[in-house]
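The values are calculated or read from the model by the stated rules, or taken from the named source; none is laboratory data. Here the structure is a predicted model, which is why all the values come from computation and not from measurement. Note that each Cβ is placed from the backbone with ideal geometry, even for glycine, and that neighbours are counted across all protein chains shown.
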Amino acid sequence: MSEQQSIVYVIDDDEAVRESVTDLLCSLGHDVQSFRSVQEFLDSPRPDAPGCLVLDVRLPGQSGMDFQRKLAKSDIHLPVIFISGHGDIPMSVRAIKSGAIEFLTKPLNEQEFIDAVQTGLARDRIQREEAKLAAEFHERLEQLTPREREILKLVVAGCPNKQIAAEIGLSEMTVKVHRSHVMQKMRARSLVDLVRMADKLGITKVTP
């Protein structure tokens, strides 16, 4: 997706901060949606597009730090950039350890803030692409028969056809046919490609 299709979500109860951040990001071509509270953000629809979340630490109701811990449970996987006028080192360390990209103090250094937003958007694009690939791999895996799945595990473990045949009680020729079907259904161009897919799918490799 292009840079213009990405969205930066800003949650801050300070209207002046929201306006200045929005103006800065819009001047760089970003789409921006701003909110006064976490609840306002949650109640609003979010387009299916790359994004990141600029989150004030101190907010009315649910704080930014509390919300960060609940993001995954809410099925929201946006990269987070914290901003705060009252931050300290222990707080910033907790935020970063919890997965935040950056912890910036107000007044914001524009270049540091811009760099953090670019990093957040890039990270979300990667996350979304990986999730899309994983979904595609799962669809391909669903097309395999139980026998083909069994052979898939042995193949990615490095077992040659002769060993697979002996282990599961089939002829080597039949194993070759099944293996060919696995490659075709998974759309794997090579064994390395198949192993990469298996890793993404979390398929356990049996010991040869």
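Can you tell me which residue is surrounded by the fewest Cβ atoms within 10 Å (Cβ to Cβ) among those in the stretch 93-145 that are within 16 Å of Val10 (Cα to Cα) and of a type in the set (Phe, Trp, Tyr)?
Phe113
Being of a type in the set (A, V, I, L, M, F, W, C), loosely packed, with under 13 Cβ neighbours inside 10 Å and under 20 Å from Arg94 (Cα atoms): is that true of Ala16 here?
Against the criterion (of a type in the set (A, V, I, L, M, F, W, C), loosely packed, with under 13 Cβ neighbours inside 10 Å and under 20 Å from Arg94 (Cα atoms)), Ala16 does not qualify.
Determine, yes or no, whether Ile11 is more than 16 Å from Asp124 (Cα to Cα) and surrounded by 20 or more Cβ atoms within 10 Å (Cβ to Cβ).
Considered against the rule, which asks whether it is more than 16 Å from Asp124 (Cα to Cα) and surrounded by 20 or more Cβ atoms within 10 Å (Cβ to Cβ), Ile11 comes out as yes.
Return the pairs, sorted by first residue and then second, in which the second residue is surrounded by fewer than 17 Cβ atoms within 10 Å (Cβ to Cβ) and in a loop (DSSP other than H, G, I, E, B), the first residue lies in the stretch 19-37 and is in the same structural domain as Cys52 (by TED's automatic domain parsing), the beta carbons are less than 6 Å apart, and the residues are 6+ apart or on different chains.
Every condition considered, the pairs that remain are Arg36/Asp13; Ser37/Pro60; Ser37/Gly61.
Kindly list the number of the only condition in (1) at pLDDT 95 or above; (2) surrounded by 15 or more Cβ atoms within 10 Å (Cβ to Cβ); (3) out of contact with any Ser or Thr (no Cβ under 8 Å at 6 or more places or on another chain); (4) not aromatic (Phe, Trp, Tyr) that fails for Asp23.
Here Asp23 meets the rest and fails (2).
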